[in-house]
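The values are calculated or read from the model by the stated rules, or taken from the named source; none is laboratory data. For clarity, every value in this text was computed on a predicted model and none was experimentally measured. Cβ placement follows ideal geometry from the backbone for every residue including glycine, while neighbour counts extend to all protein chains displayed.
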Amino acid sequence: LLNNLSVSMSKYLGYRMFIDYEFLMQEATDLQNETKLMVSHDTSLRMVLPKQFRLGYTFKYTPMEDKITHEIMLQKSLRFWGL
C-alpha cells in the first residue's frame with residue numbers, strides 16, 4: 001500500500017531563495033515477513049548569489065537508521081556562446 005509514497009512541497013521565500021521539502025514513506029518486508037515502515041525527510045534551501053553563483057544546503061533525516069546528514073553546495077554556472 002505505501003510502497004514509495006512521497007510528498008514534495010516547494011516554495012519561493014523571496015526573489016533569490018527557494019525551499020524544498022520531501023517526505024518519503026516506504027514499506028519494507030524482510031525474509032521473516034516482518035513489515036517495517038521506513039520514513040525519511042529531505043529539506044533543502046537554495047539561494048542565487050551574484051555573478052551566477054548558487055548556494056545550497058540540504059538536511060536529510062532518516063529516523064529508522066537514526067541518521068542525520070548535512071550537505072553544503074556552492075555552484076558556478078558558465079555559458080559559452082557561438083560554439
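Summary of values
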item: Identity of the residue in segment 40-71, more than 12 Å from the chain's Cα centre (by Cα) and of a type in the set (A, V, I, L, M), that ends up modelled with the lowest pLDDT; result: Met64
item: Meets criteria (loosely packed, with under 12 Cβ neighbours inside 10 Å and either of a type outside the set (Lys, Arg) or over 19 Å from Asn4 (Cβ atoms) (or both)) for Thr69; result: yes
item: Any hit, segment 19-38, residues being more than 17 Å from the chain's Cα centre (by Cα), surrounded by 12 or more Cβ atoms within 10 Å (Cβ to Cβ) and either closer than 22 Å to Lys76 by Cβ or at pLDDT 95 or above (or both); result: no
